[in-house]
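What follows is a set of notes on a single structure, which appears directly below.
What follows draws every value from the coordinates through simple rules; no lab data is involved. Predicted model, so just to flag it, every value in this text is computed and none were measured. Counting neighbours? That spans all protein chains shown, and the Cβs are built from the backbone with ideal geometry, glycine included.
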Amino acid sequence: MEPKTVIEAARRAAGLSQRRLAEMARTQQSSVSEYESRRKSPTLEVVERLLAAADAELAVKPMVFFDLIEDPEVGSFVVPDRLWSVPIPDCFSRVQVLKYIFHTDDHQVWDLSDPAARITYYELVLVRGLPEMLLDSVDGLLLIEAWPHMNLPEVIRAAWQPVIDAATASQAGPPRDPGGFSARIAGEIGIEWPPPTKSSRRRR
């Protein structure tokens, strides 16, 4: 099964039919259908217009790559090269996994809005999960929060620890200007942004 197009994903998230999305974007329902079924390729401008009609936007995010690791005791498991975010409310949704994947007794349901259930699920999916499962249900920030409380095989913890460390390390470079507001306001009132450091002021 092919993954949903961004147009279909945005439309469904907004609770819109193809016809209603087409009306809002001033296009034909048949065109939306062709885009979603990949029979026709829209231009970037058309994609942006359809997404805007569904109150969504395109976003650029780094790709996550996984290494497959074989361990004689744990078996095969995957480790990513970076952490990622799962959008709200998906990161707090209820999830269910076929019992044969996690080697559990039944097709258990985990409520990820419950911290204890989330930890239990994360413990299982880090050991048994496939990359697609991890990307769709394990949020990086929530994993960092759960990490000290998780009961994991040592080989799994050792393999994931550098990823956790990289995500939580102090970042080099200048401080971020959230939203760019400080630079904009500084420009309007005629002051230097970012402000000079103490050492650069002393050199003057």
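Our helix-only sum for the chain, with -39,500 (n - 2.57) per DSSP H run of n ≥ 4 divided by its residues, gives a mean residue ellipticity at 222 nm of -13000 deg cm²/dmol. Calculate the dipole size of the chain relative to its Cα centre from +1 charges on Lys and Arg beta carbons and -1 charges on Asp and Glu beta carbons; express the result in debye to the nearest 20. Here the size comes out at about 1180 debye. Each residue in R184, R128 was given a count of other beta-carbon atoms within 10 angstrom of its own, and listing them fewest first yields R184, R128. Quick note on segment 6-53: its Rg to Rh ratio, both from C-alpha atoms and Rh being the Kirkwood radius, is 0.89. Taking a ≥ b ≥ c as the square roots of the eigenvalues of the alpha carbon gyration tensor, segment 66-168 is oblate, as a/c is not under 1.5 and a/b does not beat b/c. Per-residue Cβ neighbour counts within 10 Å put L152, L130 in the sequence L130, L152, beginning with the fewest. Over the chain, Cα pairs under 8 Å with separation of 6+ residues give a relative contact order of 14 percent. When the Cα gyration tensor is reduced to axis lengths a ≥ b ≥ c, the ratio a/c is 1.5 or higher for the chain, and with a/b not above b/c it is classed as oblate.
This ranking places V60, V163 by how few other beta-carbon atoms lie within 10 Å of each, fewest first, which gives V60, V163. Number of Lys-Lys pairs in the chain with C-alpha atoms under 28 Å apart and a separation of 8 or more places or on different chains: 4.
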